[in-house]
1. Collect residues whose amide H, placed 1.01 Å from N in the peptide plane, falls under 5 Å from the amide H of A:Val5; neighbours closer than 5 in sequence don't count.
2. First obtain the Kirkwood hydrodynamic radius of chain A from its Cα pairs, then insert it into the Stokes-Einstein equation at 37 °C and 0.692 mPa s, and state the resulting D in µm² per second as a whole number.
3. How much of the pair distance distribution for the stretch A:306-375 lies past 21 Å, counting alpha-carbon pairs only, in percent?
4. Under the √(5λ) rule applied to the eigenvalues of the Cα gyration tensor, what semi-axes describe the equivalent ellipsoid of the stretch A:160-258? Give them in Å, descending.
5. What is the order of B:Thr217, A:Thr314, fewest Cβ neighbours within 10 Å to most?
6. Where does the Debye-calculated log10 I(q)/I(0) of the stretch B:247-308 sit at q = 0.18, 0.25 Å⁻¹, using only Cα point scatterers of equal weight, no solvent?
7. Which pairs, out of A:Lys184/B:Lys279; A:Lys222/A:Lys262; B:Lys123/B:Lys150, put more than 23 Å between their alpha-carbon atoms?
8. Going by alpha carbons, how many degrees (0 to 90, nearest 10) lie between the helix axis of B:28-37 and the longest principal axis of chain B?
Amino acid sequence: MGHEVGIVGVGQTHHARRRTDVSQAGLVREAVDRALADAKLSMDDIDTVVIATGPVLFAAVNQPEKWVVDAIGAQGKSVVRLTSGGGAGFAGALAGYYQVAGGYSDRTLVVAYDKLSEGQLQYSISTLYDPFWGREFAVGIMGFSAAYWRARMDVLGHTEEAAAMVAAKNRTNAIANPYAHVKKEVSVEDVLNSRPLCWPIKLLDVPPISDGAAAIVLSNEKKAHHSTSTPAWIRGIAYCCEADNAPERSLMLSEPLAIASKKVYRSAGITNPRRQFDVVEVQEPYSCFELNYYESLGLCPPGQAADLVASGATQLDGDIPVNPSGGCMGANPIGAVGVIRLIEAATQIMGRNESHQIKDAKTALVQSGGGWANLRGCAVLSA
Amino acid sequence: MFAPPEAHPLDMETFHSQISMPYTLTPGRAAGTFLAEMPNRRIVGSRFPDGTVVAPAQDFSSTDGEEPEELVQVPETGELTAFTRVDGNVIGLIRLDGCANDFAHRILADLGDLSVGMRVAAKWDDTDETSIMAISGFVPDADAPVGEVKGLVGPAEPLGVIDYSMSLDYQHSYGPYYGRMFDEIREHGRVMGVRTSSGDDALLPPREVDDVTHKRTGTWKACADTGTIRACSIINMEFFGLTREVPYVYAEVVLDGASTRMIHVIEIDDLETAKKNIKPGTRVRAIWTDGERKGRVSDIERFEVIED
């Protein structure tokens with residue numbers, strides 16, 4: 001095993017539906033300035049940089065890293081740009097982790113962003129469909145996700161009520177998050193009565209479309225103390241995928257997430273996730289996704305996610321709070337979300353979370369990914 | 001894994017697809033001010049803390065990432081530093097007086113009359129467009145005096161958003177597997193897949209290698225026009241790129257004889273009835289077009305529920 005890797009500085013923008021005052025590059029700059037200041041570092045102290053975004057079709061700038069490098073003063077550094085759909089930010093963090101763990105960098109800056117106000121979100125995602133076989137009838141990620149949620153209802157009992165509980169919980173939690181831009185308390189009934197967009201997905205099951213960026217500084221154990229006395233150490237991190245249209249692909253459980261969590265739990269010494277985690281941050285592009293994560297991450301057995309959310313265990317005051325930040329329901333700049341979830345979990349471990357500090361949080365679980373089930377990752381952070 | 005066929009490349013028919021959509025791009029403060037000032041016939045640049053001036057104005061220095069101390073008005077005269085001809089237009093790089101970078105624009109002169117180092121001056125168009133094309137181009141002007149960078153008095157509000165659109169055309173190659181499948185759809189109105197490496201179920205779309213066993217797939221097989229819904233949702237929201245009127249059902253159908261899904265649509269009268277009648281497990285039938293088949297999935301117009 002290589003070096004220990006810790007998150008020693010974090011920064012995110014105040015996310016918004018549309019930022020007309022800054023360009024994509026300016027948005028990235030804000031998050032980087034905040035993360036470097038938080039880590040008590042300047043760009044000179046950074047060895048390598050990873051820039052992560054969603055598909056370029058989201059905002060029509062190809063090779064945006066060329067623009068971003070100017071904006072963050074990373075000229076002359078090792079810069080890698082990475083994209084992996086919804087999980088882009090998390091995949092970026094994984095790439096940064098490898099650089100530091102492998103000893104190729106003492107400190108790596110990972111910055112992730114999307115400026116979704118600029119393009120056509122669902123249509124852009126429809127271009128991920130096979131152009132020959134399906135794109136003519138593509139409905140972005142929303143129609144597709146709704147279809148498989150409908151299938152899970154029959155097999156796993158992921159009811160509209162259970163998803164509405166997730167939406168109501170996360171939306172209520174987001175009110176205290178200074179970086180969120182959707183802050184309105186909604187009830188389970190409000191969600192159930194909201195307009196069907198791609199039924200069973202309804203308006204309040206859907207997070208906002210956001211402009212935002214998020215950055216973290218990763219450091220090895222030798223340099224971490226320059227930035228903080230309480231790094232959030234990454235005890236395990238993995239990101240797995242599956243074939244797109246293979247015969248045995250059920251899409252009921254997320255097999256890649258189950259594989260990733262197994263790997264990560266082994267390296268982090270997690271044998272009882274429900275007991276051992278103090279707090280969990282997940283990327284829920286629609287409320288129904290969170291139910292699947294409970295099962296694939298082993299917080300409950302398959303088929304019991306609806307019971308878990310109904311029990312209140314994942315509420316702020318439950319025994320395993322999920323998304324005290326409000327998750328994607330407060331802000332959803334897709335490419336940045338993987339890093340935002342890491343930030344929210346890291347600050348919990350550091351004891352300085354701005355949304356809802358979970359008392360004595362020592363061990364956190366982070367999940368992120370793209371697509372309905374096919375690209376999924378998770379990480380364990382601890383003090 | 002498998003040797004390529006012993007054949008020379010053939011010029012085959014391709015599958016056309018287009019990705020086309022509108023954008024609202026954000027230039028940011030500096031470029032937004034530059035664009036807003038174009039109809040006022042002022043070229044806006046950025047002056048950075050190290051004293052360098054660049055135009056068009058930029059929010060961040062490309063040498064060290066610093067933000068500009070101020071936005072400035074730069075001269076509309078300069079020196080030609082490079083030029084070429086593209087699509088009948090002469091394009092040049094111009095070092096505007098007092099600037100540290102080159103400004104790219106059209107040069108309104110014949111290529112043969114140009115030389116590097118030549119003095120040039122902007123020729124403004126009569127327009128109120130907030131675009132760099134408010135300058136029609138630069139013209140050779142041997143006597144143009146050397147201008148000076150000035151403070152920008154009363155700058156215009158930066159443009160927040162710029163409308164933009166992108167349209168990308170692709171010609172995809174079918175390859176032998178998709179090629180045969182779409183030939184069969186066009187010529188015979190039937191959907192054919194290939195068997196998995198070890199079973200009788202067909203993979204749709206057909207492919208060379210079985211994703212599960214990683215062995216070569218089996219022989220070709222026609223699937224039925226009937227099938228079972230594996231997953232479905234009711235599209236009730238209009239968004240850019242939709243080709244059908246809402247509400248309708250988006251369905252992933254496994255055709256009888258196949259083991260993988262096909263994406264299609266089912267027309268419905270209303271949402272509430274569809275919730276009850278169309279669900280995973282519902283039996284459906286493909287309705288082929290009455291018109292000429294083109295060799296696309298959309299030669300099947302829609303699926304219909306098979307009534308008991």
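Where a number appears in this text, it was derived from the coordinates with a stated rule and is not lab data. Note that the structure is a prediction, hence the values are computed from the model and not measured. So basically every Cβ, Gly included, is an ideal-geometry build from the backbone, and we count neighbours across all protein chains shown.
1. Residues meeting the criterion, in which the H sits 1.01 Å from N, are A:Ile234.
2. Working: Rh = 20.3 Å.
The estimated diffusion coefficient comes to 162 µm²/s.
3. On the way: 673 of 2415 pairs.
In whole percent, the share of Cα-Cα pairs in the stretch A:306-375 beyond 21 Å is 28.
4. Values: eigenvalues 220, 125, 28 Å².
They are 33, 25, 12 Å, listed largest first.
5. Details: B:Thr217 21, A:Thr314 26.
So the residues, fewest neighbours to most, are B:Thr217, A:Thr314.
6. -0.67, -1.16
7. Details: A:Lys184/B:Lys279 33 Å; A:Lys222/A:Lys262 29 Å; B:Lys123/B:Lys150 20 Å.
As for pairs spanning more than 23 Å Cα to Cα, those are A:Lys184/B:Lys279; A:Lys222/A:Lys262.
8. 60
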